[in-house]
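**Student:** Okay, here's the structure, questions in a sec.
Values in this text are rule-based calculations from the coordinates and carry no lab data. Here the structure is a predicted model, which is why all the values come from computation and not from measurement. Quick reminder, even Gly has a Cβ in these numbers, built from the backbone with ideal geometry, and neighbours come from all protein chains shown.
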Protein chains: 2
Amino acid sequence: MASATAHTNGHAHTFAPLDASRLTIERATTLKPVPEQGTYAFGDIKTDHMLVMTCDPLTGWSAPEIKPYGPLALDPASNCLQYATNVFEGMKAFMGPDGKPRLFRPDQNMARLQTSAARMALPAFDPDALLVCINKLVSLEARWIPSLSGHSLYIRPTMIGTKPSIKVGPSEHAILYTIVTPVGPYFPPTDDTPDGISLLAVGEHVRSWPGGTGGYKLGLNYSPGFVPQRAAAALGYDQVLWLLGDDKRVTEAGAMNFFAVAARADGGVDVVTPPLDGTILPGITRDAALVLLRAHAVDPARGVLALPPTLKIYVHERHLTLPEMSQWAGAGRLRECFGVGTAVLVVAIERIGDVVDEQVAEALEGASKAKPFVDITPTTKRGLGELGTALYDKLLALKEGRENFEGWSVLCE
Amino acid sequence: MASATAHTNGHAHTFAPLDASRLTIERATTLKPVPEQGTYAFGDIKTDHMLVMTCDPLTGWSAPEIKPYGPLALDPASNCLQYATNVFEGMKAFMGPDGKPRLFRPDQNMARLQTSAARMALPAFDPDALLVCINKLVSLEARWIPSLSGHSLYIRPTMIGTKPSIKVGPSEHAILYTIVTPVGPYFPPTDDTPDGISLLAVGEHVRSWPGGTGGYKLGLNYSPGFVPQRAAAALGYDQVLWLLGDDKRVTEAGAMNFFAVAARADGGVDVVTPPLDGTILPGITRDAALVLLRAHAVDPARGVLALPPTLKIYVHERHLTLPEMSQWAGAGRLRECFGVGTAVLVVAIERIGDVVDEQVAEALEGASKAKPFVDITPTTKRGLGELGTALYDKLLALKEGRENFEGWSVLCE
């Protein structure tokens, strides 16, 4: 691995690359008890260790450290606290049938983290070296990986700009760290939402915009959604369906990519998801779903997805509007809608509510009731329809290492 | 001050409001040397103390503390690091002619911080109580306030969400802190930029949009500008002029509000600044400039601004496009452009460059040269024209406490 040289104040410094061979491990002296599976909510649990490395503009990347989980000491003027130079990834380690942890297309997460860091003008790093270190962390924390099917160890690589100055501008200082947390289903079944979730369509607040940052995995894409999300919850919806523009184009569903399935006159189905036009996250689960659907469509007899070989699937990455879906629903053509993402895998969308903007404004005050826009009745288990179920089952099998496809399921060691 | 009660797990807790009377002061044991005025760049210097208070969803606001400047210990899962719940304010303390520090309309900053915190779904706080604490901090750090005219102690109140969970959602935990730093001019005169600054008009990247968060002072409005700012610098421009939409509407200039002055056929001048439509920051200096200009326009003989009483001023808050300014420049009507903000006060814009988007893309690779779009020759000192100079002089006199207007200049004690 080559190292670059930086010149400052007439002195030459060697800028060290991120080097996994320099990883040190400091084990926690006492280990925490692992709580019973299925008893905790997403993000509640802190494990014993975390992975940390820092970048300094003069000396480069520090030796990566796995050490006991604990607070980061940050200057109050830090770039990440003042100007939100925070990027992250979401990955999951599943316990395979052989008792070994599996990751799902981790190279994709590493590549996206690089892209996100560059968009925030944060320092570059070697993605392969980071992945080696993450593998070590997951292996060390393997006892935290739940064995229940659908449960996993969620992995959160995070990079933050730590330049200790309030001067507005890029941070050449950074901390790149990874924490992990055992998780069950993101939306646990309850009496209110037995199998799928409901979405409130929101156009008054806009998640992303052409020329904005919606196509990157940045911390700053999430907090602007908290207030609209509260309004949605006040109206009895689980998440927000983000709209863009006068034509009410769908972008994302909460923090998930959105898919709609409509029956065709020829007996087949159209599967539609918004395109990667810069306003939606290039989701890795989204990509996997598209690849699987297309592989199935090309050769239904191959049985990539557990669907009738006679079912013709037509996959479309294109703009999709709320009125269009409403029309499908009215004509009895809307088969199912689902959201996909690392946190949820595939989740059924049972109901989409559309309210006029004034009602959303009222909701922010805690008042009003929405009139549902469309009601999709769950047809099979988990509320998912035929395609959602096939995708969920296939993706889970791949993630749990019970099956493999194009080498997506990767042993973590 | 009333206190509310929160019920959790069947127990009643008293939610403490932010209470300035509970402020404790722990002085630094050794004080840092104060560097010579004018020798440091914006944001370089850390003073001896900072102000910190925390909010807990059960117990409420902690007793505010002034304590030695030092790092904050933050859980790696903190909401502010993961989802960018970071809001801030910018204020300045100037040393008055009586040797006492002055603040400028600090109630406006406190109100805006409240609004920003609410937009990020962060806890509410008593703005008056916070201001009392900030006054104490400034008084304690008074030896850091530069005496040179135009120099000041920059004050950075900051609020961050500290919920220690990666679950996507609002943070009821927060740290509200304030740091201060002595500053000179934000754009120090250099050979390259003698008196004013240059702007590269950028439409490919969009700072804010209708339904977005551009109208709030959030950390997340700033970092997306770092990459375009680098492109502007590579092309020889100081800052970015942010455009929105196909009509190339001007929103902000770097992190400043934008003003253009055009000659009228009747011998007067039109002063135009974009309206508060949610896509620009409601700047306090912007508001002050508008109030002063309008007060002068209504009664030129009163001499609110040092301008010829015969000069008729017409003030407009309205959309302003780049082609419109280009037309003015071509017709010889464009008198001056300037940016306003707490950090810069009033700064001349001497040159605005407009390049096609492909060139901006090239610039990101470090290539290409821009063709200047319009060149505004500086007409008087600091590169500012007649109105910019009058505003600068008046605002500085108010901020330094040499004059007062509507009680804007406030003793800090």
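**Student:** So how tilted is helix A:127-140 from the main axis of chain A? Cα-based, degrees 0 to 90, rounded to 10.
**Tutor:** 90
**Student:** Would you mind ranking B:T342, B:T24 so that the residue whose beta carbon has the fewest other beta carbons within 10 Å leads the list?
**Tutor:** Going from least to most buried by this count: B:T24, B:T342.
**Student:** Let me ask something additional. Using Cα pairs closer than 8 Å and at least 6 residues apart in sequence, work out the relative contact order for segment B:57-188, in percent.
**Tutor:** Relative CO of segment B:57-188 lands at 32 percent.
**Student:** Which residue, B:L148, B:L131, B:L292, tops the fluctuation ranking in a GNM of chain B built on C-alpha contacts under 10 Å?
**Tutor:** B:L148
**Student:** OK, next. Any idea how far the Cα center of segment B:23-101 sits from the one of segment B:277-307, in Å?
**Tutor:** 31
**Student:** Okay, moving on. How long are the semi-axes of the equivalent ellipsoid of segment B:141-264, defined as square roots of 5 times the Cα gyration tensor eigenvalues? Whole Å, largest first.
**Tutor:** 29, 26, 14
**Student:** If neighbour count is taken as other Cβ atoms inside 10 Å, put B:C337, B:C55 in order from fewest to most.
**Tutor:** B:C55, B:C337
**Student:** Something else: What residue among A:P97, A:P185, A:P275 has the largest mean-square fluctuation in a Gaussian network model of chain A, using Cα springs under 10 Å?
**Tutor:** A:P97
**Student:** If amide H atoms are built 1.01 Å from N in the plane of the peptide, which residues on other chains or at least 5 residues away come under 5 Å of the amide H of B:L241?
**Tutor:** Distant-sequence amide H within range of B:L241: B:L200, B:A201, B:V202, B:G254.
**Student:** Then there is this: Quick one: label points 7 angstrom along Cα→Cβ at A:K312, distances to the other copies in nm, smallest first?
**Tutor:** Counterpart label points of A:K312 in the remaining copies fall at 7.3 nm.
**Student:** Here's a follow-up. Work out the mean other chain Cβ neighbour count within 10 Å for the residues of B:83-91 and drop it here as an integer.
**Tutor:** Mean partner-chain Cβ count within 10 Å for B:83-91: 6.
**Student:** In deg cm²/dmol and to the nearest 500, what is the mean residue ellipticity at 222 nm of chain B if only DSSP H runs of at least 4 residues count, each as -39500 (n - 2.57), divided by the residue total?
**Tutor:** Here the helix-only value at 222 nm equals -6500 deg cm²/dmol.
**Student:** Size of the protein assembly as shown along its principal axes in angstrom, Cα-based, largest extent first?
**Tutor:** 86, 63, 61
**Student:** Which distances, shortest first and in nm, link A:V132 to the matching position in the other copies, using label points set 7 Å out along Cα to C-beta?
**Tutor:** Values, ascending and in nm: 5.8.
**Student:** Which of the pairs B:K32/B:K100; B:K136/B:K217; A:K100/A:K312; B:K217/B:K312 have their Cα atoms more than 28 Å apart in this structure?
**Tutor:** Pairs exceeding the cut-off: A:K100/A:K312; B:K217/B:K312.
**Student:** Please average, across the residues of B:223-233, the number of beta carbons from any other chain that are within 10 Å of each residue's own beta carbon, and give a whole number.
**Tutor:** Whole-number average of other-chain Cβ neighbours for B:223-233 is 6.
**Student:** Something else: Relative contact order for chain B: what percent, with Cα pairs under 8 Å and sequence separation of 6 or more?
**Tutor:** 17
**Student:** Between helix A:284-298 and chain A, what is the angle of the helix's C-alpha long axis to the longest principal axis, kept within 0 to 90° and rounded to the nearest 10?
**Tutor:** That helix lies at roughly 50 degrees to the long axis.
**Student:** Run through the other copies and list how far each one's label point is from that of B:P68, in nm with one decimal, shortest first; the point sits 7 Å from Cα along Cα-Cβ.
**Tutor:** 2.4
**Student:** Tell me, what HN-Hα J-couplings in whole Hz come from the Karplus equation 6.51 cos²θ - 1.76 cosθ + 1.60 at θ = phi - 60° for each residue of segment A:145-158, using x for Gly and Pro?
**Tutor:** Whole-Hz 3J(HN,Hα) from phi for segment A:145-158: 6, x, 9, 4, 4, x, 9, 7, 9, 6, 10, 10, x, 9.
**Student:** For A:66-73, what's the mean count of beta carbons from other chains sitting within 10 Å of each residue's beta carbon?
**Tutor:** 3
**Student:** Checking the cross-link filter: which aspartates and glutamates have an alpha carbon closer than 20 Å to that of A:K46, excluding same-chain neighbours under 8 positions apart?
**Tutor:** Once the sequence-local aspartates and glutamates are set aside, what remains near A:K46 is A:E26, A:E36, A:E65, A:E89, A:E141, B:D56, B:D75, B:E172.
**Student:** Take B:S116, B:S147, A:S62 and order them by how many other Cβ atoms sit within 10 Å, fewest up front.
**Tutor:** B:S147, A:S62, B:S116
**Student:** Continuing with the same structure: Running Debye on chain A with equal point scatterers at the Cα sites and no solvent, what base-10 log of I(q)/I(0) appears at q = 0.07, 0.11, 0.13, 0.14 Å⁻¹?
**Tutor:** Here log10 of I(q) over I(0) equals -0.36, -0.88, -1.19, -1.33.
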